[in-house]
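Visitor: I'd like to ask you about the structure that follows.
The values are calculated or read from the model by the stated rules, or taken from the named source; none is laboratory data. Everything numeric here is computed off the predicted structure, so don't read it as measured data. Methodologically, a virtual Cβ is constructed for each residue, glycine included, from the backbone with ideal geometry; neighbour enumeration extends over all protein chains shown. Surface areas here come from the heavy atoms of the whole protein model, side chains and all, with no ligands, DNA or RNA. Shrake-Rupley method; radii C 1.70, N 1.55, O 1.52, S 1.80 Å.
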Amino acid sequence: MNRVVHPIEQESFRRLRTRLDTSRFPPLTRAVVERVIHSAADLEYAGDLVMAEDDLVRAHAALHAGAPVVVDVEMVAAGITRRETVCRLGDAVARPGLTRSAHAVRLAHDAVGPGALWVIGCAPTALEELLTLDASPALVIGLPVGFVGAAEAKAALRASGLPAVSNVSEKGGSAVAAAALNALLYQPPTAPTEEIK
């Protein structure tokens, strides 16, 4: 089923492209960069995001083949518009040395196993916990926000060598994390060699 793009969204992307030349990015990287910028109206993401096109190509294929999508919070799930997600935060319990978000990641990992796409936009501790597990993810979109631990957790994600989308700064959040996943969802299965829509 083709996605119908609203004229307001089309105009928003047209204006974005008049302010920032994204043509230098490879196709899926461009899709992620543009959709993240669009979600936050923040052009600085073009220089803040870190990802590899090869990782995105593999993750795009896994996503369109039906790989599970795990999110850290329901706000991220609400922003992912064309796919069911797994969120175990409602079942999680905080205890000494383990935040509720970290426990939710453990529960989700037990449920989905390897090969999932993980979308973390809220809790740095969720990303930190994921890095301790043998998750073998198809992709980790690690864009938690905050002044405590967010930049550090994202740096640890980059250092891990896992296929990932992250950013260097403290900014991030549920909307931008969902936008990064949506960028891959909205590109049809043949998209990596096609013009970005």
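Visitor: Quick check, is Leu130 part of a helix (DSSP H, G or I) and more than 24 Å from Glu34 (Cα to Cα)?
Guide: Yes: the conditions hold for Leu130.
Visitor: Got a number for residues in the stretch 126-140 being surrounded by fewer than 24 Cβ atoms within 10 Å (Cβ to Cβ) and among the β-branched types (Val, Ile, Thr)?
Guide: Residues flagged as surrounded by fewer than 24 Cβ atoms within 10 Å (Cβ to Cβ) and among the β-branched types (Val, Ile, Thr) within the stretch 126-140 amount to 1.
Visitor: Every residue in the stretch 113-123 that is surrounded by 20 or more Cβ atoms within 10 Å (Cβ to Cβ) and either small (Gly, Ala, Ser) or at pLDDT 95 or above (or both), please.
Guide: Ala116, Leu117, Trp118, Val119, Ile120, Gly121, Ala123, listed by residue number.
Visitor: Is it the case that Phe13 is farther than 17 Å from Gly142 by Cα, open to solvent by less than 70 Å² (accessible area, probe 1.4 Å) and at pLDDT below 95?
Guide: So Phe13 passes the test.
Visitor: If you don't mind, there's one more thing I want to ask. Hey, can you tell me all the residues within the stretch 1-43 that are closer than 16 Å to Asn167 by Cβ, acidic (Asp, Glu) and assigned to a loop (DSSP other than H, G, I, E, B)?
Guide: If the condition is that a residue be closer than 16 Å to Asn167 by Cβ, acidic (Asp, Glu) and assigned to a loop (DSSP other than H, G, I, E, B), then Asp42 is the only one that fits.
Visitor: Return the total of residues in the stretch 17-45 being surrounded by 19 or more Cβ atoms within 10 Å (Cβ to Cβ) and either among the hydrophobic types (A, V, I, L, M, F, W, C) or within 17 Å of Gly142 (Cβ to Cβ) (or both).
Guide: 10
Visitor: I've got another one for you. Counting only residues that are touching a strand residue (DSSP E or B) at 6+ places or on another chain (Cβ under 8 Å), in contact (Cβ under 8 Å) with a residue 40 or more places away in the chain and either part of a loop (DSSP other than H, G, I, E, B) or surrounded by fewer than 20 Cβ atoms within 10 Å (Cβ to Cβ) (or both), how many does the stretch 67-107 have?
Guide: 5
Results for (1) modelled with pLDDT under 95; (2) surrounded by fewer than 22 Cβ atoms within 10 Å (Cβ to Cβ); (3) touching a Phe, Trp or Tyr at 6+ places or on another chain (Cβ under 7 Å); (4) of a type outside the set (Gly, Ala, Ser), shown as yes or no for each residue.
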residue	(1), (2), (3), (4)
Gly142	no, no, no, no
Lys154	no, no, no, yes
Ser166	no, no, no, no
Glu170	no, yes, yes, yes
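Visitor: Pairs, please: C-beta under 9 Å, at least 6 apart or cross-chain, first residue over 17 Å from Asp54 (Cα atoms) and in the stretch 153-172, second surrounded by fewer than 19 Cβ atoms within 10 Å (Cβ to Cβ) and among the aromatic types (Phe, Trp, Tyr)?
Guide: Glu170/Phe147
Visitor: Criterion first (modelled with pLDDT of 95 or more, over 25 Å from Ala41 (Cα atoms), open to solvent by 20 Å² or more (accessible area, probe 1.4 Å) and touching a helix residue (DSSP H, G or I) at 6+ places or on another chain (Cβ under 7 Å)) does Ala175 satisfy it?
Guide: Considered against the rule, which asks whether it is modelled with pLDDT of 95 or more, over 25 Å from Ala41 (Cα atoms), open to solvent by 20 Å² or more (accessible area, probe 1.4 Å) and touching a helix residue (DSSP H, G or I) at 6+ places or on another chain (Cβ under 7 Å), Ala175 comes out as no.
Visitor: Can we say Val50 is buried (at least 20 other Cβ atoms within 10 Å of the Cβ) and either within 16 Å of Gly142 (Cβ to Cβ) or among the acidic types (Asp, Glu) (or both)?
Guide: Here the answer is no, as Val50 does not meet what is asked.
Visitor: Further question: Would you please name the residue that is nearest to Asp54 (Cα to Cα), looking only at residues in the stretch 8-32 that are in contact with a helix residue (DSSP H, G or I) (Cβ under 9 Å, 6 or more places away or on another chain) and among the hydroxyl-bearing types (Ser, Thr, Tyr)?
Guide: Restricting to residues being in contact with a helix residue (DSSP H, G or I) (Cβ under 9 Å, 6 or more places away or on another chain) and among the hydroxyl-bearing types (Ser, Thr, Tyr), the top hit is Thr29.
Visitor: Let me ask something else. Kindly evaluate Asp110 against the criterion of being at pLDDT below 95, part of a loop (DSSP other than H, G, I, E, B) and surrounded by fewer than 24 Cβ atoms within 10 Å (Cβ to Cβ).
Guide: no
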